[in-house]
Amino acid sequence: MTEMAPRTIARYQTDASLRELVTRVISCQPLSTLAENERALFKTAPDDDYVVATSETIFHPQGGGQPSDTGTMKSDNNKEITFEVKMARKLSNGQILHAGSFISQADDKQIFSEGETVVQAVDNDKRDYHSRLHTAGHLIGLAVRQLADSIPNVSELKANHAPGSSFVEFQGLIGGEHKDAIQQKVTDMVMQSLPVNVCWWDERKVRECCTGVPDAVTVPDDGLMRVVEVQGVGAYPCGGTHLPTTYDIGEVVVRKISRQKGISKISYEVKERQ
């Protein structure tokens, strides 16, 4: 894999309003030629797929409980060459790899060249769905926090925002009798159409103002951490994608609360828009 590092990409890939980007190809190679540790990031991809790295990207890689974006990259020079992005993954050095296959209208298979200009476009419907699920997960955590008088001694552990299996886990016991109260708090926040802001805070402010900050949190080299703030309610360190307001999430359904070995899991979903 090329050693060339991309420009800072976090501000691109986590901006839910940016759905198309002109960028440059760093490398394009068959998936089967990747180093073993990189190939392991794409376990479900066939060996005849390709992997493309670009200098910048708007594709959110799988991580933080959120599935990766999908979409396309099209050559800016040869309109017949289209790369279907099926998944994106992030390497330890920060570089984003896009795995997928080429769709060419020509008889011979054509791929991108190093330095070629391409136009990236994410799948809007999927991006919005993932963003709704992710923000809804934060509302679940904030709702439990608002109910601290009746649900004491609990703290967030982790979350998953994947379609069909979304949940937020807490250290401590949350009884099933609290399900309706949590649901009501979440619904109230949605209906209030609260702004969802993306901020860049230093470590001191993150620890003072955010919920669920691990002691071992890693601060980026520039000293600023990306934070998603539900205005007037609370904030989380977060690299995921979100929509402008809580109302954009739509209907959130708290499905069930399960408990095991001192851990409580609140499962949820967002309803399809009519």
**Study point:** Contact order normalised by residue count of the chain, Cα under 8 Å, 6+ apart, percent
**Key:** 18
Exercise for review: Show that you can apply the helix-only estimate: for the chain, add -39,500 (n - 2.57) for every DSSP H stretch of four or more residues, divide by all residues, and state [θ] at 222 nm to the nearest 500.
Suggested key: -5500 deg cm²/dmol
Review point. With all protein chains present, how much of the accessible area of the chain (probe radius 1.4 Å) comes from carbon and sulfur, to the nearest whole percent?
Key: 46
Point to revise | Those lysines that a straight Cα-Cα span of less than 16 Å connects to Lys126, excepting residues fewer than 8 apart in one chain | key: Lys86, Lys271
**Study point:** Test item: Cα-centred dipole of region 141-274, Lys/Arg +1 and Asp/Glu -1 on Cβ, debye
**Key:** 440
**Study point:** For the chain: accessible area per residue (Å², 1.4 Å)
**Key:** 50
Review point. What FRET efficiency do you get for Arg24 and Ile263 if R0 is 35 Å and r is their Cβ-Cβ distance, rounded to the nearest 0.05?
Key: 0.15
Revision key, fill the gap. Treating only Lys and Arg (+1) and Asp and Glu (-1) as charged, each at its beta carbon, one finds that the chain has a dipole about its Cα centre, in Debye to the nearest 20, of 860
Practice item. Rounded to the nearest Å, what's the spacing between the alpha carbon centres of region 21-99 and region 140-164? Just the number, please. Key: 33
Review point. Leaving out same-chain residues fewer than 8 places away, which aspartates and glutamates sit with a Cα under 20 Å from that of Lys205?
Key: Glu156, Asp215, Asp221, Asp222, Glu229
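The values are calculated or read from the model by the stated rules, or taken from the named source; none is laboratory data. Keep in mind the model is a prediction, meaning the values are calculated, not measured. We place every Cβ from the backbone using ideal geometry, glycine too, and count neighbours over all the protein chains shown. For accessibility, only protein heavy atoms count, side chains too; no ligands or nucleic acids. Shrake-Rupley method; radii C 1.70, N 1.55, O 1.52, S 1.80 Å.
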